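Here the structure comes first, spelled out in structure tokens, and everything after it is commentary.
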Amino acid sequence: MPQETLGYVEMEWTCRRCNTKNPGLQKTCKNCGAAIDADQKFEKASDSTLIKDAQKIEQAKKGADIICPFCSVSNAGDAKVCASCGGDLTKGQKREAGQVIGAHSEAPAAKVICPACQTANSASASNCVSCGRPLGNPVAQPAPAAPTRAAMPQAAWIGVAVGILLMLCVCGGLYFAFFNTTDVIGTVSAVAWERSIGIEARRPVTKENWRDSIPQDAEIKVCEEQPRTTRSSPDPLRRSEKICGTPYQVDLGNGMSEVRQDCEYQIYDERCSYTVLEWTEIDREVARGADLNPFWPQVSLAQGEREGSRQEDYEVTFSADGATYIYDTNASEFGQFDLGSRWTLAVNGIGGVNSVEPAR
Ligand SMILES: [Zn+2]
Ligand SMILES: [Zn+2]
Ligand SMILES: [Zn+2]
């Protein structure tokens, strides 16, 4: 995703010797004069105002500071020799940079409460205006170890066991209802069949798609601009809307942070409703009978019509000891079910017939 630079913010660091907060571009403590340590990271400043000072912006663009290999003093990213000892910086280590240090917000920073006298100080204050105590960020305490995961209480285990048992019961019940059968001797008391053929004609059907995906012969109804794709650059031919994420600050390793924002373009396109002619079932020709000689219905097609799908159903009714059972069969088996013939029916738990065979 393309990134944009919105500007630069000065970071800060806390003197390890006297706990005074210092501006990022000043590499020695303004209170005690101690230099920032080579391994010390800059912190996100509570004041996130974008820097206007051209000189500071110039410094931000010089890249990460170089730590002098001889005296450990921080030098500007483009320095060749150490400003403090004059040593050659070509073998000097660059300060770590590039980390995202958090979201950027230009809302006014919260006041800092002095831990000693409770006075509210401005966010950028180094020392308390009332008692003079340094207001640097305290050294982070190690977080307490996470509590070990509690064992599942006994009641929960019982619940799980009951749940599994219930599930087994339901599965068993379903199995018995559908697959456990008893044999019943039945006599064919009725047969019925139905065969049908669809009649299709081309009719207008309403659909929706992107304009460039609509078939040539379609009739376009209503179009509306909608976002279709995202790109890293605007599309000169289409409406392109820029969409940016939350700005964030990136540590430049030189006491400044860069405020960046990831943006992309939402490209709009026309989405239209349209109608096309499609083969649609407009009628069904049906033939029915109560005998063992099924046939397909006669279909007479008008101009612009064609035959559609075929459907067939065959049903046999058995009576056994005053009860009736319905059995659905297919065209090849149907011819065997002479009225009055005797069959052994496998009847399941809900009265359905799973299979039949001639009774001996
Ligand atoms: Zn200090
Ligand atoms: Zn040096
Ligand atoms: Zn104070």
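The values are calculated or read from the model by the stated rules, or taken from the named source; none is laboratory data. Remember, predicted model here, so these are calculated numbers, not experimental data. We place every Cβ from the backbone using ideal geometry, glycine too, and count neighbours over all the protein chains shown.
Summary table below
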| read-out | value |
| --- | --- |
| Residues that are at pLDDT below 90, of a type in the set (A, V, I, L, M, F, W, C) and in contact with a Gly (Cβ under 8 Å, 6 or more places away or on another chain), drawn from region 153-203 | Phe176, Ala177, Phe178 |
| Residue match in region 89-96 (condition: in the same structural domain as Lys21 (by TED's automatic domain parsing) and away from ligand 2 (no atom under 16 Å from the Cβ)) | yes |
| Restricting region 65-87 to residues that are part of a strand (DSSP E or B) and in contact (Cβ under 8 Å) with a residue 12 or more places away in the chain, the residue that is nearest to ligand 3 (Cβ to nearest atom) | Ser74 |
| Set Gln26, Gln3, Gln40: member being more than 16 Å from ligand 2 (Cβ to nearest atom), within 24 Å of Val129 (Cβ to Cβ) and at pLDDT below 95 | Gln26 |
| Residue within region 199-220 that is small (Gly, Ala, Ser) and closer than 30 Å to Ala287 by Cβ present | yes |
| Residue ranges of strands (runs of 3 or more DSSP E) in region 296-352 with at least 1 members among the hydrophobic types (A, V, I, L, M, F, W, C) and out of contact with any strand residue (DSSP E or B) (no Cβ under 6 Å at 6 or more places or on another chain) | 323-329 |
| Extreme residue, surrounded by the most Cβ atoms within 10 Å (Cβ to Cβ), among residues of region 296-337 that are among the polar types (S, T, N, Q) and closer than 24 Å to Arg284 by Cα | Thr329 |
| Residue ID - surrounded by the most Cβ atoms within 10 Å (Cβ to Cβ), chosen from residues in region 28-61 that are more than 16 Å from ligand 3 (Cβ to nearest atom) and more than 45 Å from the chain's Cα centre (by Cα) | Cys29 |
| Residue ID - nearest to Thr20 (Cα to Cα), chosen from residues in region 117-138 that are among the hydrophobic types (A, V, I, L, M, F, W, C) and within 12 Å of ligand 3 (Cβ to nearest atom) | Leu135 |
| Only listed residue being crowded, with 17+ Cβ neighbours inside 10 Å and either assigned by TED's automatic domain parsing to the domain that holds Gln40 or within 12 Å of ligand 2 (Cβ to nearest atom) (or both), chosen from Ala109, Ala103, Ala83, Ala76 | Ala76 |
| Residue in region 1-12 that is free of Cβ contacts under 8 Å to residues at least 24 places away in the same chain, away from ligand 1 (no atom under 16 Å from the Cβ) and among the polar types (S, T, N, Q) present | no |
| Any hit, region 95-112, residues being away from ligand 1 (no atom under 16 Å from the Cβ), under 30 Å from Ser130 (Cα atoms), part of a strand (DSSP E or B) and out of contact with any helix residue (DSSP H, G or I) (no Cβ under 6 Å at 6 or more places or on another chain) | yes |
